[in-house]
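J.: Structure incoming, see below.
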Amino acid sequence: MSETVEPRTADIRYETETPVLYETRGAVAWLTLNRPEFANSQNSQMTYAIDDCLRMAVADDAVKVIVLRGAGKHFSGGHDIGTPGRDVAKSWPERKTLWYDHVNKPGAEYFYAREQEVYLGMCRRWRELPKPTIAMVHGACIAGGLMLAWVCDLIVAADDAYFVDPVVRMGIPGVEYFAHPYELNPRIAKEFLFTGERMSAERAYQMGMVNRVVPRADLETATTQLAERIAGMPRLGLALTKQAINHVEDLQGKRLAMDAVFHMHHFAHAQGDLTTGNNLGGMDVKAMASANKEKPTREG
Ligand code: ZN
């Protein structure tokens, strides 16, 4: 039986702006997602730029703590599903995992290989950084935005922040980095996913998903104070403590659970493709994204 390969192509445009800003203030490195006109939706260019900045922060002995935040009104609206900078079909020669390139692969293999690299692989790399990371979240933190916040060790939220994973509407059981039942208790995680409703910063705090909620005007000051307090601790002590707690989470099944659910996620993408010709279950994500730039969803 011959295999039919239908290369997927896209109108790839390259952005000239810097998708992530990097600066250090004392012992703290600040990474700022910098696509504010698109609610900091994440294209691959941004993903690889985050990775580059994190490598810089880890390599710099003067940096003890890393903060991740978003420019503009929101932390992140999720994965890029319809901006002019969408670059799903681009090859990235400096890959971060040992997965082969997704471009020109047939059928479900295309998204499987891509998401192993840019979503699951990247998030796991970032979770395992040997330096403490803090997500400073304001405004929207939607779907793929959750993944960025969750891989950080701590989350400081503004009182206007909200969290939502709406992908069950597409027939998909949550975003690729399936940490929901670890970030929230299982019953709350089910409610979060079943309803696709926004969770306020205050409720996320009550559920243990965020460490602190502060007024928006105090967000940067509060985050700075927390980061500087942590930066006073010894580097190796911090690195070992982080590893210890991550290790315990993995002993509790986090890593294995995520591997299993990743395959359910891709079964859902394949089902969407088979039944609607769209791996997001027929959702017109471009229309959704353009209808409300504050609610861009994700490319799957
Ligand atoms: Zn996906």
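The values are calculated or read from the model by the stated rules, or taken from the named source; none is laboratory data. The structure displayed is predicted, hence computed values, not measured ones. In this analysis, Cβ positions are derived from the backbone assuming ideal geometry, glycine residues included, and neighbour counts consider all displayed protein chains. Side chains included, ligands, DNA and RNA excluded: accessible areas come from the protein's heavy atoms. Shrake-Rupley method; radii C 1.70, N 1.55, O 1.52, S 1.80 Å.
J.: Over the chain, what is the relative contact order in whole percent, taking alpha-carbon pairs under 8 Å and six or more residues apart? Intermediate results must be reported in sequence, preceding the final value.
T.: On the way: 578 pairs, mean separation 61.0, N = 300.
Computed over the chain, the figure is 20 percent.
J.: Here's something else I'd like to know. What number results when the radius of gyration of the range 138-258, computed over Cα atoms, is divided by 2.2 N^0.38 Å? Please report the intermediate quantities before stating the final value.
T.: Details: Rg = 15.2 Å, N = 121, 2.2 N^0.38 = 13.6 Å.
Rg over 2.2 N^0.38 Å, computed on Cα atoms: 1.12.
J.: Another question about this same structure. Lys/Arg Cβ at +1, Asp/Glu Cβ at -1, dipole of the chain taken about the Cα centre: which of ALA268, ALA108, ALA59 is farthest positive-ward?
T.: Positive-most Cα among the choices belongs to ALA59.
J.: Per-residue counts of other Cβ atoms within 10 Å, averaged by peptide: what ranking do you get for 245-256, 172-183, highest first? List each step's numbers first, then the result.
T.: Numbers: 245-256: 12.5, 172-183: 22.2.
Result, highest mean Cβ count within 10 Å first: 172-183, 245-256.
J.: Something else now. At 1.4 Å probe size, with every protein chain present, just tell me what the per residue accessible area of the range 140-285 comes to in Å².
T.: Here the residues of the range 140-285 average 48 Å² of exposed surface.
J.: Oh, and also: Averaging over every viewing direction, what projected area does the convex hull of the Cα atoms of the range 169-229 cover, in nm²? Present the calculation step by step, with values, prior to reporting the outcome.
T.: Working: hull surface 21.2 nm².
If I average the Cα hull's projected area over directions, I get 5.3 nm².
J.: Further question on the same structure: When the scattering of the range 209-279 is computed by the Debye formula from its Cα atoms alone, each counted once and equally, what is log10 I(q)/I(0) at q = 0.12, 0.14, 0.15, 0.26 Å⁻¹?
T.: Taking Cα atoms of the range 209-279 as identical point scatterers yields -0.66, -0.76, -0.80, -1.08.
J.: Could you work out how far the C-alpha centroid of the range 243-287 sits from that of the range 17-45, in angstrom?
T.: 26
J.: Another question about this same structure. When the chain is fully extended, how far beyond the present Cα-Cα distance does GLU197 get from ARG124, taking 0.36 nm per residue of separation?
T.: Result for the pair: 23.7 nm of gain on full extension.
J.: Moving to a separate point now. Pop out the carbon and sulfur fraction of the accessible area of the chain as a percent, whole number, probe 1.4 Å.
T.: Carbon and sulfur together cover 55 percent of it.
J.: Dividing the alpha-carbon radius of gyration of the chain by 2.2 N^0.38 Å (N being the number of residues), what value is obtained?
T.: Cα Rg divided by the expected 2.2 N^0.38 Å: 0.96.
J.: Between 0 and 90 degrees, rounded to the nearest ten: what's the tilt of helix 219-231 against the longest Cα principal axis of the chain?
T.: 70
J.: Give me the tail of P(r) for the range 142-205 as a percent: Cα-Cα pairs with distance above 21 Å.
T.: 13
J.: Sticking with this one: Considering amide H positions built from the backbone, and no H for Pro or chain starts, which residues 5 or more places from VAL20, or on another chain, come under 5 Å of its amide H?
T.: ASN34
J.: Report, in debye and to the nearest 20, how large the dipole of the chain comes out about its Cα centre when Lys and Arg carry +1 and Asp and Glu carry -1 on their Cβ.
T.: With only Lys, Arg, Asp and Glu charged at Cβ, the dipole is about 460 debye.
J.: Now for a separate question. Take the eigenvalues of the Cα gyration tensor for the range 81-133, scale each by 5, and report the square roots as semi-axes in whole Å, largest first. Don't jump to the answer; show the numbers that get you there.
T.: Working: eigenvalues 101, 41, 19 Å².
That gives 22, 14, 10 Å for the three semi-axes.
J.: If amide hydrogens are placed 1.01 Å from N in the peptide plane, which non-local residues have theirs closer than 5 Å to the one on VAL137?
T.: VAL156, ALA157, ALA158
J.: Using a Debye calculation, one point per C-alpha and no hydration shell, please list log10 I(q)/I(0) for the range 28-108 at q = 0.11 Å⁻¹ in order.
T.: Relative scattering, expressed as log10 I(q)/I(0), comes to -0.37.
J.: If you don't mind, there's one more thing I want to ask. For helix 254-276, report the angle its Cα long axis makes with the longest principal axis of the Cα atoms of the chain; keep it between 0 and 90° and round to the nearest 10°.
T.: Approximately 30 degrees, to the nearest 10.
J.: Cα-Cα over 18 Å: which of LYS64/LYS131; LYS64/LYS254; LYS73/LYS131; LYS131/LYS242?
T.: With Cα atoms farther than 18 Å apart: LYS64/LYS254; LYS73/LYS131.
J.: Place the peptides 91-102, 53-64, 202-213 in order of packing, highest mean first, counting for every residue the other Cβ atoms within 10 Å and averaging per peptide. Each step should come with its number before you reach the end.
T.: On the way: 91-102: 13.2, 53-64: 15.9, 202-213: 18.0.
Going by the mean number of other Cβ atoms within 10 Å, highest first, we get 202-213, 53-64, 91-102.
J.: Right, next: For q values of 0.15, 0.20, 0.22 Å⁻¹, compute log₁₀ I(q)/I(0) with the Debye formula on a Cα-only model of the range 70-211, without solvent.
T.: With no solvent term, the Cα-only Debye profile gives -0.80, -1.30, -1.45.
J.: With θ set to phi - 60°, apply the Karplus curve 6.51 cos²θ - 1.76 cosθ + 1.60 along the range 47-64 and write out the HN-Hα couplings as whole Hz, x wherever there is a Gly or Pro.
T.: 4, 5, 5, 4, 4, 4, 5, 5, 4, 4, 5, 5, 6, 8, 4, 6, 8, 10
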